[in-house]
Each structure stands twice: as structure tokens, then as C-alpha cells.
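Only one structure is covered here, and it is reproduced in the block below.
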Amino acid sequence: MKSREKTVPGTITKSGGLQMFMGELNEFFKQHPGCQVIANFKVLAKSPSEALKGYYFNYVVPEMKQAIWSVGGERKTDEQTDIFLRQLSPVTINQVVDLKSGKYENSIKEIYDLSSPELVEHIEFIKQIAAEEYGAFIDDPKPL
């Protein structure tokens, strides 16, 4: 049976071009002459800094844990709070649609799967939720 999906890694050059080994991809295409394809590119961004992850895990999560508890919410551990926050944030929800059924499969991204801009956006979303839903203020990180 012929494979209907192919993943090939590549690199974006300094001039902004795509560099990838086309031989493997062209062999795959030869198995499906006349068919249409959809190309989906995903940029693997650099991971957030240790300082940003530290700010999130050591300040934002505990602050939200306290804020949830202080409004009569459920008492959660830091880990439960982190999972709860990632379930709320559109930045950390990964959706894949099944084209046959039209149904979405959702999964929750781990913090280490986020790029720096994504983690910053996740934190900004949490800060907004903290203010609007829990009456809590989450301060920005302070430079050393």
C-alpha cells in the first residue's frame, strides 16, 4: 500500500529560501501522479530561555494557584494548575482536523514545545484571565 503522507525536514537559509533534500520527496510524488497535494510547513522555533520558563513555573503558576484558591476555587497543585492553564490557553491547544469526518482532535502542548513568542503569548493570556476572572495581578518579570 502506498503511503499518502510524507514528512521531510528542511532548513530555511539566511536569505529566506527553503533547503531540503528533494530526491526523497520526488520519489514520493512519483507514486501519486495526477493527484493534488497540500503542503504544510511548520517552523521549529528556538525554545524559550530558562529565565522565561523559570518565571512561568516559579511565579505565574503559583500565583494562579493562589488566585484560583482565593476565589473559592479548587485547591490545585502547581502541576494541576499548569495543566489547567494550558487547557484554557489557545496558544497551547493543538488541533488537527480529520478531513474525512470533519472532527477535530485536540491535544495540549507542553511548555517545552512552545517557542519563546508562544510562551510569552501564553503568559499574556494567563495574565488577562487572572485579572478578569480572578481579580489577581501577575507582575512582569523583573530584570536582575
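Select from the stretch 85-108 the residues that are of a type in the set (A, V, I, L, M) and farther than 14 Å from Leu119 by Cα and list them in ascending order.
Of the residues in the stretch 85-108, the ones of a type in the set (A, V, I, L, M) are 85, 88, 91, 93, 96-97, 99, 108.
Matches in the stretch 85-108: Val96, Val97, Leu99.
For (1) modelled with pLDDT of 85 or more; (2) loosely packed, with under 10 Cβ neighbours inside 10 Å; (3) not assigned by TED's automatic domain parsing to the domain that holds Ile129, each residue gets a yes or a no:
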position	(1), (2), (3)
Glu5	no, yes, yes
Gly10	no, no, yes
Met22	yes, no, yes
Cys35	yes, yes, yes
Tyr55	yes, no, no
Asn58	yes, no, no
Val61	yes, no, no
Gln66	yes, no, no
Trp69	yes, no, no
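Among residues of the stretch 21-39 that are without any contact (Cβ under 8 Å) to a residue 12 or more places away in the chain, those with a beta-carbon under 8 Å from a residue that is of a type outside the set (Asp, Glu) and not in a loop (DSSP other than H, G, I, E, B) at least six positions away or on a different chain give the pairs Val37/Phe29. Scanning the stretch 108-144 for residues that are in contact (Cβ under 8 Å) with a residue 60 or more places away in the chain and of a type in the set (S, T, N, Q) yields Ser115, Ser116. If you take the residues of the stretch 49-84 that are touching a residue at least 24 places away in the same chain (Cβ under 8 Å) and of a type in the set (Val, Ile, Thr), which of them is farthest from Leu119 (Cα to Cα)? Residue satisfying both the conditions and the ranking: Val71. Please indicate, with yes or no, whether at least one residue in the stretch 83-105 is at pLDDT below 95, among the aromatic types (Phe, Trp, Tyr) and not assigned by TED's automatic domain parsing to the domain that holds Leu119. There is no residue in the stretch 83-105 that is at pLDDT below 95, among the aromatic types (Phe, Trp, Tyr) and not assigned by TED's automatic domain parsing to the domain that holds Leu119. Number of residues in the stretch 107-124 that are loosely packed, with under 13 Cβ neighbours inside 10 Å and of a type in the set (Lys, Arg) equals 0.
The values are calculated or read from the model by the stated rules, or taken from the named source; none is laboratory data. This structure is a prediction, so every number in the text was calculated from the model and none was measured. Positions of Cβ are backbone-derived with ideal geometry, glycine not excepted, and every protein chain shown enters the neighbour counts.
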